[in-house]
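The values are calculated or read from the model by the stated rules, or taken from the named source; none is laboratory data. As the structure is a prediction and not an experimental result, all values here were calculated from the model. In this analysis, Cβ positions are derived from the backbone assuming ideal geometry, glycine residues included, and neighbour counts consider all displayed protein chains. Each accessible area value is taken on the protein alone, full model and side chains, heavy atoms only, with ligands, DNA and RNA left out. Shrake-Rupley method; radii C 1.70, N 1.55, O 1.52, S 1.80 Å.
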Amino acid sequence: MAGNSFGTLFRFTSWGESHGPAIGVVVDGVPPRLPLAEADIQAFLDRRRPGQSKYTTQRREPDTVRILSGVFEGVTTGTPIALQIENQDQRSKDYSDIATRFRPGHADYTYWKKYGVRDYRGGGRSSARETACRVAAGAVARTVLSGLLGRAVAIRGALVQMGPHGIDRAGWDWAAVDANPFFCPDPQAAEAWAGYLDEVRKAGSSVGAVIEVVASGIPAGLGDPLYDKLDGDLARAMMTINAVKGVEIGEGFAAAALRGEDNADEMRAGPDGEPVFLANHAGGILGGISTGQDIVVRFAVKPTSSILTPRRTVDVHGRESEIVTKGRHDPCVGIRAVPVGEAMMACVLADHLLRQRALTGAG
């Protein structure tokens, strides 16, 4: 059944469950003769890996990736690239108490209504464990982008809000993102978040977050004007990530409060004949097509549904009950969503670059 694949020309299909023997992804549409090694993928998986601080789930997974096909003598062959990641730290017994009860805010009930059966061990396919597959696919997508464009493309994500607490954009420092456990670009905000999330974690609760992803070095002309808009595909990509409930491009909802003269990104003539934009309220996309500016996407992640606070629910027989979710969970799942958002951005951009080259022979 469809629903496990993403993309058109650059396309990936993920497989596996949270507590199965392994998870993995098959990436198709990668051009041949591009350099690719397991180490190129592992570097990105390591950023998403759980258990790296007390602020994420303490599930200990090395997330070691293995290339099974599509690469020969260090380069891509043009055939499907199969990647496998073993699960090594499952604790399925932690979930036995919820086998017949639905966690409020989780996908338990909807999965059961759709399929008539659900894998209650960590949520099965609805678990954020699946996002490791996306990060692996995103690493391959970055190889496609840099290989076809002949230059490095920067795709960087950051946590810009945790719960109600946002960053000071005047203090934005990309170098700070990897210097704290929150992927936060504002060192002062990161320091404040540490105490805040400690309180949330010790209370057995959770909070949401907002993530911003920025792609630099993308050429103008990617995307289509109607049903395959670049921003439309990016919005869909981010909405497929677990727990995401909202997406905005550029100014997003804030654009509704602006006047036309403020929102329009004015242009002047550049030294090379290309226009220079004086602002980027559009987030690097106009009419569904990239402008050549930074592409800016933000998405909102809801609080983790698996919490220790007792919640009212029902079971598969319709009987009222209470539920407490045991196990190891993220007090703010948005933290590890940062590299996932980067990966989905890379996959969409690689797909549209291939589509543009197929259409015009350039891009």
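For the list (1) more than 23 Å from ILE241 (Cα to Cα); (2) open to solvent by less than 20 Å² (accessible area, probe 1.4 Å), I need the number of the one condition that GLY171 fails.
With respect to (1) more than 23 Å from ILE241 (Cα to Cα); (2) open to solvent by less than 20 Å² (accessible area, probe 1.4 Å), GLY171 is out only on (2).
Could you please find all residues in the stretch 143-168 being exposed (fewer than 12 other Cβ atoms within 10 Å of the Cβ) and either of a type in the set (Lys, Arg) or within 20 Å of ALA39 (Cα to Cα) (or both)?
Once the filter is applied, which keeps residues that are exposed (fewer than 12 other Cβ atoms within 10 Å of the Cβ) and either of a type in the set (Lys, Arg) or within 20 Å of ALA39 (Cα to Cα) (or both), the stretch 143-168 yields ARG151, ALA152.
Could you check the stretch 42-61 and list, in sequence order, the residues that are open to solvent by less than 50 Å² (accessible area, probe 1.4 Å) and either of a type outside the set (Phe, Trp, Tyr) or at pLDDT 80 or above (or both)? Even if it seems obvious, please write down each step before you answer.
First pass over the stretch 42-61, keeping only residues open to solvent by less than 50 Å² (accessible area, probe 1.4 Å): 42, 45, 48, 50-51, 53, 55-57, 59, 61.
Correct list: GLN42, LEU45, ARG48, PRO50, GLY51, SER53, THR56, THR57, ARG59, GLU61.
Which numbered condition in (1) open to solvent by less than 20 Å² (accessible area, probe 1.4 Å); (2) farther than 30 Å from GLY105 by Cβ; (3) outside any helix (DSSP H, G or I) is the only one that VAL140 fails?
That leaves (3) as the condition not met.
Just give me the residues in the stretch 18-41 being in contact (Cβ under 8 Å) with a residue 60 or more places away in the chain, surrounded by 13 or more Cβ atoms within 10 Å (Cβ to Cβ) and not hydrophobic (A, V, I, L, M, F, W, C), in sequence order. Even if it seems obvious, please write down each step before you answer.
So in the stretch 18-41, the residues in contact (Cβ under 8 Å) with a residue 60 or more places away in the chain come out as 18-25, 27, 29-31, 34-36, 40-41.
The next check asks that each one be surrounded by 13 or more Cβ atoms within 10 Å (Cβ to Cβ); those that pass are 18-20, 22-25, 27, 29-31, 34, 36, 40-41.
Matches in the stretch 18-41: SER18, HIS19, GLY20, GLY24, GLY29, PRO31, ASP40.
Among the residues of the stretch 243-256, what is the count of those that are open to solvent by 40 Å² or more (accessible area, probe 1.4 Å) and either out of contact with any strand residue (DSSP E or B) (no Cβ under 7 Å at 6 or more places or on another chain) or outside any strand (DSSP E or B) (or both)?
4
Keeping to the stretch 281-316, report how many residues are over 25 Å from THR240 (Cβ atoms), at pLDDT 95 or above and either small (Gly, Ala, Ser) or open to solvent by 50 Å² or more (accessible area, probe 1.4 Å) (or both).
1
Which residue pairs have Cβ atoms closer than 9 Å, lie 6 or more positions apart in sequence or on different chains, and pair a first residue in the stretch 214-241 that is surrounded by fewer than 19 Cβ atoms within 10 Å (Cβ to Cβ) with a second residue that is acidic (Asp, Glu) and modelled with pLDDT under 95?
Note: pairs meeting the criteria are ALA220/GLU274.
Return the residues of the stretch 179-203 that are of a type in the set (Phe, Trp, Tyr) and touching a Phe, Trp or Tyr at 6+ places or on another chain (Cβ under 7 Å); say none if nothing qualifies.
If the condition is that a residue be of a type in the set (Phe, Trp, Tyr) and touching a Phe, Trp or Tyr at 6+ places or on another chain (Cβ under 7 Å), then PHE182, TRP193 are the ones that fit.
In the stretch 174-213, what residues are modelled with pLDDT of 95 or more, open to solvent by 30 Å² or more (accessible area, probe 1.4 Å) and among the charged types (D, E, K, R)?
If the condition is that a residue be modelled with pLDDT of 95 or more, open to solvent by 30 Å² or more (accessible area, probe 1.4 Å) and among the charged types (D, E, K, R), then GLU191 is the only one that fits.
Restricting to the stretch 193-211, and then to whatever is small (Gly, Ala, Ser) and within 26 Å of MET238 (Cβ to Cβ), can you tell me which residue is nearest to the chain's Cα centre (by Cα)?
ALA209
Please enumerate the residues belonging to the stretch 303-339 that are among the small types (Gly, Ala, Ser) and part of a loop (DSSP other than H, G, I, E, B).
Scanning the stretch 303-339 gives SER305, SER306, GLY318, GLY327.
Where residues in the stretch 82-137 are part of a helix (DSSP H, G or I), polar (S, T, N, Q) and modelled with pLDDT of 85 or more, which of them is most open to solvent (accessible area, probe 1.4 Å)? First the steps, then the outcome.
In the first step, residues of the stretch 82-137 are kept if they are part of a helix (DSSP H, G or I); the result is 92-98, 108-115, 124-126, 128-137.
Add one more test, that the residue is polar (S, T, N, Q), and what stays is 92, 96, 110, 126, 131.
Still in the running and modelled with pLDDT of 85 or more: 110, 131.
On the way: THR110: 82, THR131: 8 Å².
This residue is THR110.
May I ask you to list pairs of residues, at least six apart or on different chains, whose Cβ atoms are under 8 Å apart, with the first in the stretch 340-363 being at positive phi and the second being of a type outside the set (Asp, Glu) and open to solvent by 10 Å² or more (accessible area, probe 1.4 Å)?
Final answer for the pair search is GLY363/LEU148; GLY363/PRO219; GLY363/GLY221; GLY363/GLN356; GLY363/ARG357.
Does LEU349 count as over 29 Å from TYR111 (Cα atoms) and either surrounded by 21 or more Cβ atoms within 10 Å (Cβ to Cβ) or more than 22 Å from the chain's Cα centre (by Cα) (or both)?
yes
Looking at the stretch 106-134, which of its residues are out of contact with any strand residue (DSSP E or B) (no Cβ under 9 Å at 6 or more places or on another chain) and among the aliphatic types (A, V, I, L, M)?
Selection gives ALA107, VAL117, ALA128.
Would you confirm whether or not the stretch 204-219 contains a residue that is touching a helix residue (DSSP H, G or I) at 6+ places or on another chain (Cβ under 6 Å), farther than 23 Å from ILE307 by Cα and assigned to a strand (DSSP E or B)?
Yes.
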